[in-house]
Amino acid sequence: MKSKSKKVQKYSLGTRILTAFLAVVLTLALLEAYCRVFSPAPIKNKFRFSFSKKEALVSKSSLNLDLKLPAEIPDHLNIPVGVPVKSHLLGATVDPIQNLRTGFPVERIEQMTRVLEDGRILFDVKMKKGKDGFRITPSSGMGEPQYYALFFGCSFAFGEGVQDHQTLPYYFQQLGEGKLGTPVRSKNYAHSAWGTAQFWKVVHEVPPPAAILEAPQRIAFYVMIDHHFERLRGAYSIARDYPDWVGNTPYIAEDWTGQIVDRGYFRDSFKLALFRFLSGSKLFYTMNLGPAAWEVTDSELEFFSKVVASAQQKLKADWKVDEFYTVVLPQNDKGHAAVPYLNRLGVKTLDLSKFDLQARMKVPAYLPDRHPSAEGQRYLAGILLDAVRRDLK
């Protein structure tokens with residue numbers, strides 16, 4: 001009798017669990033139907049973009065320019081302050097991430113045009129790319145370089161919206177001889193829509209050219225913005241609207257030994273498949289959930305810093321880089337939060353997150369889409385040169 005009673009009890013518990021599960025499924029289905037019919041506005045998530053609560057001192061290896069920021073960045077197209085700039089790209093450039101080892105058959109010219117919704121052209125630029133797939137930095141007509149400067153990062157270092165002779169690498173090269181007293185040559189290893197993962201992959205997969213290895217000294221910069229945190233983790237906010245962007249992002253992870261390893265691409269992971277499934281849910285959208293709504297945790301800051309430190313190790317070992325810096329661009333508070341973590345791992349940082357670039361310039365420092373203008377790129381190059389000069393002597 002006792003064994004029979006236990007069997008009935010187990011069955012009753014199983015029934016209760018099944019009933020509860022079906023009730024949850026039915027509730028979610030009803031909420032999904034409600035969201036599809038009435039399309040309520042997304043709930044504001046008070047935890048969005050909050051930072052780690054841990055405080056840490058910035059080490060002496062970080063340049064912290066603690067200056068006030070403007071409330072809004074002005075533009076030269078008379079777009080009202082505070083109005084989001086909606087635009088789309090025409091003829092976006094070819095992402096070289098799939099061809100890092102093989103490169104491309106020939107050099108080529110690519111055109112990128114950004115058009116505002118009202119038809120005005122924000123920028124229309126042509127750029128030359130080499131056989132390795134990366135943007136060519138034109139020569140400044142100088143002699144044999146004493147320093148070779150390598151730039152990694154996203155569209156801000158790549159020079160979205162400006163010509164080949166108006167990018168951050170070009171101006172660093174052009175101004176370098178005057179500020180360092182010797183010729184400088186730059187190589188642009190950045191690209192639009194890239195981030196920390198692509199930086200790590202380029203460093204590990206692209207063989208360093210002989211011209212770089214033969215230079216007397218080498219400097220490298222990883223230029224970062226806040227959005228690199230989301231790109232590194234393949235955030236839902238990107239995958240929902242741009243699945244191919246996330247799908248082509250390298251999946252860099254930490255293995256059980258603590259080593260940073262390459263897991264392929266997000267398109268091959270369960271994570272992207274889950275995000276694609278959730279992207280069709282109006283309930284998920286209305287609740288404003290997903291990794292983008294979560295805080296940037298200590299573990300994320302630590303992981304990001306480990307990826308950068310791993311790339312630094314490879315740069316110094318195989319690329320023979322003498323000085324490496326992670327540059328946090330103006331108005332990037334998440335990057336500022338990562339500075340102590342990077343410094344603890346021996347990564348030098350140039351923290352410009354609080355630097356008021358526009359206040360120092362009489363002309364627009366930024367395009368309306370928030371990328372630096374040609375003048376802004378030139379000013380930033382001067383800041384980098386002034387900051388690193390102390391370490392190159």
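The values are calculated or read from the model by the stated rules, or taken from the named source; none is laboratory data. This one's a predicted model, so the numbers in the text were calculated from it and none came from an experiment. Because the Cβ atoms are built from the backbone with ideal geometry, glycine has one as well, and the counts that use them run over all protein chains shown.
One residue is enough: does the range 129-137 have a residue meeting the conditions over 22 Å from Leu213 (Cβ atoms), of a type in the set (Ser, Thr, Tyr), assigned by TED's automatic domain parsing to the domain that holds Ser186 and modelled with pLDDT of 85 or more?
no
For the range 203-210, does any single residue satisfy the condition of being assigned to a loop (DSSP other than H, G, I, E, B) and either modelled with pLDDT under 90 or closer than 20 Å to Arg370 by Cα (or both)?
no
Report yes if some residue within the range 316-330 is closer than 27 Å to Gln217 by Cα, surrounded by fewer than 19 Cβ atoms within 10 Å (Cβ to Cβ), free of Cβ contacts under 8 Å to residues at least 24 places away in the same chain and out of contact with any helix residue (DSSP H, G or I) (no Cβ under 9 Å at 6 or more places or on another chain); otherwise report no. Show your work before the answer.
Initial filter on the range 316-330 (closer than 27 Å to Gln217 by Cα): 316-329.
Among the residues that remain, those that are also surrounded by fewer than 19 Cβ atoms within 10 Å (Cβ to Cβ) are: 316-318, 320, 322-323.
Then drop every residue that is not free of Cβ contacts under 8 Å to residues at least 24 places away in the same chain, which leaves 316-317.
Among the residues that remain, those that are also out of contact with any helix residue (DSSP H, G or I) (no Cβ under 9 Å at 6 or more places or on another chain) are: 316-317.
Yes.
Scanning the range 211-230 for residues that are touching a Ser or Thr at 6+ places or on another chain (Cβ under 7 Å) and part of a helix (DSSP H, G or I), which turns out surrounded by the fewest Cβ atoms within 10 Å (Cβ to Cβ)?
Restricting to residues being touching a Ser or Thr at 6+ places or on another chain (Cβ under 7 Å) and part of a helix (DSSP H, G or I), the top hit is Glu230.
Could you list, ordered by first residue, the pairs with Cβ atoms under 6 Å in which the first is in the range 96-118 and in the same structural domain as His371 (by TED's automatic domain parsing) and the second is among the hydrophobic types (A, V, I, L, M, F, W, C) and modelled with pLDDT under 85, at least 6 apart or interchain?
Thr113/Leu90; Arg114/Leu89; Arg114/Leu122; Arg114/Phe123; Val115/Ile121; Leu116/Leu122
Given (1) surrounded by 14 or more Cβ atoms within 10 Å (Cβ to Cβ); (2) in a strand (DSSP E or B); (3) modelled with pLDDT of 85 or more; (4) within 23 Å of the chain's Cα centre (by Cα), identify the lone condition not met by Arg185.
Looking at each condition in turn, Arg185 falls short on (4).
Which one is nearest to Tyr325 (Cα to Cα) among residues in the range 371-393 that are at pLDDT 85 or above and assigned to a loop (DSSP other than H, G, I, E, B)?
Going through the qualifying residues, I end up with His371.
Do we have Ala235 as surrounded by fewer than 24 Cβ atoms within 10 Å (Cβ to Cβ), closer than 26 Å to Glu302 by Cβ and touching a Phe, Trp or Tyr at 6+ places or on another chain (Cβ under 9 Å) here? Walk me through how you get there before you give the answer.
Working: surrounded by fewer than 24 Cβ atoms within 10 Å (Cβ to Cβ): yes; closer than 26 Å to Glu302 by Cβ: yes; touching a Phe, Trp or Tyr at 6+ places or on another chain (Cβ under 9 Å): yes.
Yes; evaluated as a whole, the condition is true for this residue.
When the residues of the range 188-202 are narrowed to those that are part of a loop (DSSP other than H, G, I, E, B) and aliphatic (A, V, I, L, M), which ends up surrounded by the most Cβ atoms within 10 Å (Cβ to Cβ)?
Step one: list which residues in the range 188-202 are part of a loop (DSSP other than H, G, I, E, B), which gives 189-195.
After this cut, where a residue has to be aliphatic (A, V, I, L, M) as well, the list is 190, 193.
Working: Ala190: 28, Ala193: 20.
Applying the filter and picking the extreme gives Ala190.
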